Each structure stands twice: as C-alpha cells, then as structure tokens.
Amino acid sequence: MSEHELRVSKIRNGTVIDHVEGGQALNVLAILGIDGSEGLGVSIGMNVPSDRLGRKDVVKVEDRELSQSEVDVLSLIAPEATINIIREFEVVEKNRVTRPETVVGVLSCPNRNCITNADEPVETRFDVIDSGVRCDYCSAVLRSDIAAHIDV
Ligand code: CTP
Ligand code: ZN
C-alpha cells in the first residue's frame, strides 16, 4: 500500500459489514441502533473503490455481533452486503445477506391509521417486495425510508 492510500484499520473482534451500496453506511448504523453513545468502536469507509460494485461502503463495529432481524433489515438496503465475523483479527465467518420474505416485529408502519400503530397488541409484519416492503395489514409501502422506520 503506498503512502497515498488510506485504509480503515483491521479490527481485532467484531463485525465487518462489507460491500454495502455506496452512500448507505449511515443507514446501516441506524439499523443497528448505533449512534456512538454506546461507546463501541466504529469505523466507516464511504464510497471506497470496489472491483465488484464500483463504489462501496464498509462499516466495522468492534465487539458486537448482529442479530438475524438486524441482518434481515440490512439486506433490504444493502442486498450485496457481506457480513464478516472477526475474532482475534481473523475472519472466522463470512456470510452474504439474503432477502427475507417477511420482516416481523422490526419495522414500524408509515401509515398512522394502521392497526399496528393503534394501542393494540399487534406485531408489525411486512412482505418484502421488489420495490421495498409492504405492510400486511394496510398495504402501505416503505421504500427508501426503511432505516427511519426501524423499531427494534
Ligand atoms: N477485516 C477487518 N479486520 C480484520 C479482518 C478483516 O476489518 N481483522 C475486513 C477487511 O478489511 C475486509 C473484510 O473484513 O473489508 C473482509 O476481509 P477479508 O475476507 O480478508 O477480505 P476479502 O477477501 O477482500 O473479502 P471479500 O472476498 O468478501 O471481498
Ligand atoms: Zn400498516
């Protein structure tokens, strides 16, 4: 690596979310509920050159692994992402995200009149469609604003 190249350091333990669509890194952090106040080490590369994607974002979170529901939602905004689990500097696990068919109990419905927004014991449920996700109860569709409706 020449002195003109600058690369985000390797991490010792944690999770590297790689091959994120350029510009989505902050939404990835929003999905993980990370805003810095929790004290985790977080490094972000934005619009880094990538052979596969042209430009990509990379998010490295130290000492934290991801839940399946977090990965499910990530897949909606970063369908090409790779989740790497790092232990003692080694990649011990590498998984591509897959789009789930439904997302249950994670997203809030954008429709204020939806039954899931009334004070009823109803869990949210969205079907994953090509253009985003659709509420099972009221058919409201969430597209680019998925990250703002995370409810975990
Ligand atoms: N990584 C890291 N800290 C480590 C090990 C790896 O931050 N201790 C990061 C790398 O910088 C890379 C990702 O984790 O962004 C995956 O690492 P690796 O599998 O070694 O890289 P590639 O082979 O390039 O991955 P891929 O084949 O998925 O593109
Ligand atoms: Zn709804």
Under the Karplus relation with 6.51, -1.76 and 1.60 and θ = phi - 60°, whole-Hz ³J(HN,Hα) for the stretch 112-129, x at Gly and Pro, equal 5, 8, 5, 4, 6, 9, 7, 7, 10, x, 10, 7, 5, 8, 10, 8, 7, 10
Enter the angle in degrees (range 0 to 90, nearest 10) between the Cα long axis of helix 68-77 and the first principal axis of the Cα atoms of the chain, meaning the one along which they spread out most. 90 degrees
Order the peptides 72-82, 135-145 from the highest to the lowest mean number of other Cβ atoms within 10 Å of their residues. 72-82, 135-145
For a test of the definition: using alpha carbon positions, the gyration tensor, and the 1.5 limit on a/c, classify the stretch 48-104 as rounded, prolate or oblate. oblate
Okay, helix-only estimate at 222 nm for the chain: each DSSP H run of n ≥ 4 adds -39500 (n - 2.57), divide by all residues, round to 500 deg cm²/dmol; what do you get? -3500 deg cm²/dmol
Treating only Lys and Arg (+1) and Asp and Glu (-1) as charged, each at its beta carbon, one finds that the stretch 1-122 has a dipole about its Cα centre, in Debye to the nearest 20, of 280 debye
Roughly how many nanometres apart are two label points built 7 Å out from the Cα toward the Cβ at M46 and R12? 2.9 nm
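Each reported figure results from applying straightforward, stated rules to the coordinates on display, with no laboratory input. Quick caveat: nothing in here was measured; it's all calculated off a predicted structure. Positions of Cβ are backbone-derived with ideal geometry, glycine not excepted, and every protein chain shown enters the neighbour counts.
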